[in-house]
Amino acid sequence: MSGEKRVTCGLCPHHCRLTPEERGFCRVRRNEDGVIKSTGYGALTSLALDPIEKKPLCRFFPGSEILSAGSYGCNMRCPFCQNYEISQEGEQYVRLRLMPEELVDIAERYHKVGRNIGLAFTYNEPLLNVEYIRDCAELLRLRDMKTVVVTNGLINPEPWKKLLPYLDAANIDLKGFTDEYYRWLGGDLETVKTAIAMAVKAGCHVELTTLVVPGKNDGEDDMEREAAWIASLSPEIPLHISRYFPRWKCEIAATPVETIERLRKIAERHLHYVYKGNC
């Protein structure tokens with residue numbers, strides 16, 4: 001309608017222009033009276049105590065556990081998404097709503113009786129709720145606990161810059177190393193590369209994950225270029241190379257273990273820590 005005022009969301013490179021009450025591509029951020037707000041603030045679909053290695057983070061407090069919280073929504077459309085029920089469909093999967101104080105209280109209870117080191121925001125795309133992560137992180141730091149995100153890294157520089165001081169660690173998906181592949185997934189490679197470089201420069205503990213899909217991002221030249229680029233930031237950055245399995249809309253056959261081993265050897269020419277995931 002001509003009288004409706006559109007507002008542009010600046011969180012990610014989709015730059016959704018939203019009419020009043022309209023939600024963006026991510027299904028989470030909405031125009032509320034001319035202000036972009038998250039409908040997922042405090043909305044949790046999952047809450048579980050996980051080994052830190054499951055994030056995966058292998059060089060950040062190894063052997064510890066972390067309370068993992070998931071919400072709903074995503075700003076990419078990977079056709080093989082393992083968590084598509086919560087990432088692509090929405091609010092019907094919300095199990096509980098917790099304000100930051102309530103969630104951090106739960107994390108602290110686990111912290112006092114076990115090996116929990118803090119909170120990991122994961123399962124869906126957590127950066128859609130940057131405000132919630134920041135508010136929780138402020139409380140976690142006061143209680144000597146850590147804040148972790150497991151993210152696709154599809155976030156614009158300005159909101160990422162504001163959030164980074166609150167983060168202790170991040171596992172960021174570097175899903176492939178070509179623009180064509182990222183277009184297939186509904187993302188943008190350069191945005192993700194910028195987010196990774198900013199996190200490393202900010203002193204955040206960064207580990208990267210590449211899920212290998214046969215015929216899509218399993219080329220040796222692509223891995224050579226990817227690993228060399230990561231090493232240009234720091235050869236100490238761990239890289240997890242993981243197998244794809246058919247899921248959601250994608251029926252490509254599962255990644256052979258031999259492919260993962262071949263790509264691992266290439267990555268090891270440049271990086272000190274390369275892990276084979278889910279093999």
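The values are calculated or read from the model by the stated rules, or taken from the named source; none is laboratory data. These numbers were taken from a predicted model, which means no experiment stands behind them. FYI the Cβ positions are ideal-geometry reconstructions off the backbone, even for glycines, and counts take in every protein chain you see.
Looking across the stretch 37-83, the residues that are small (G, A, S) and either in a strand (DSSP E or B) or closer than 14 Å to L96 by Cα (or both) come down to S38, G40, G42, A43, S46, A48, S68, A69, G70, S71.
Conditions tested, residue by residue: (1) free of Cβ contacts under 8 Å to residues at least 24 places away in the same chain; (2) at positive phi; (3) touching a His at 6+ places or on another chain (Cβ under 8 Å); (4) among the aliphatic types (A, V, I, L, M).
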site: C136; (1), (2), (3), (4): no, no, no, no
site: G153; (1), (2), (3), (4): no, yes, no, no
site: A169; (1), (2), (3), (4): no, no, yes, yes
site: I172; (1), (2), (3), (4): no, no, no, yes
site: D188; (1), (2), (3), (4): no, no, no, no
site: T194; (1), (2), (3), (4): no, no, no, no
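For the stretch 1-36, taking the residues that are of a type in the set (D, E) and assigned to a loop (DSSP other than H, G, I, E, B), the one that is farthest from L98 (Cα to Cα) is identified as E4.
Of everything in the stretch 104-162 that's closer than 20 Å to L44 by Cα and basic (K, R), which residue is surrounded by the fewest Cβ atoms within 10 Å (Cβ to Cβ)? Only one residue tops the list, namely R109.
Among the residues of this structure, D168 does not count as one that is touching a Pro at 6+ places or on another chain (Cβ under 7 Å), modelled with pLDDT of 95 or more and not hydrophobic (A, V, I, L, M, F, W, C).
When E91, E101 are screened for being at pLDDT below 95 and charged (D, E, K, R), only E91 passes. In the stretch 203-244, of all residues being surrounded by 15 or more Cβ atoms within 10 Å (Cβ to Cβ) and either among the small types (G, A, S) or free of Cβ contacts under 8 Å to residues at least 24 places away in the same chain (or both), the one that is farthest from C58 (Cα to Cα) corresponds to G219. For the stretch 77-103, taking the residues that are of a type in the set (D, E, K, R) and under 17 Å from P126 (Cα atoms), the one that is surrounded by the fewest Cβ atoms within 10 Å (Cβ to Cβ) is identified as R95.
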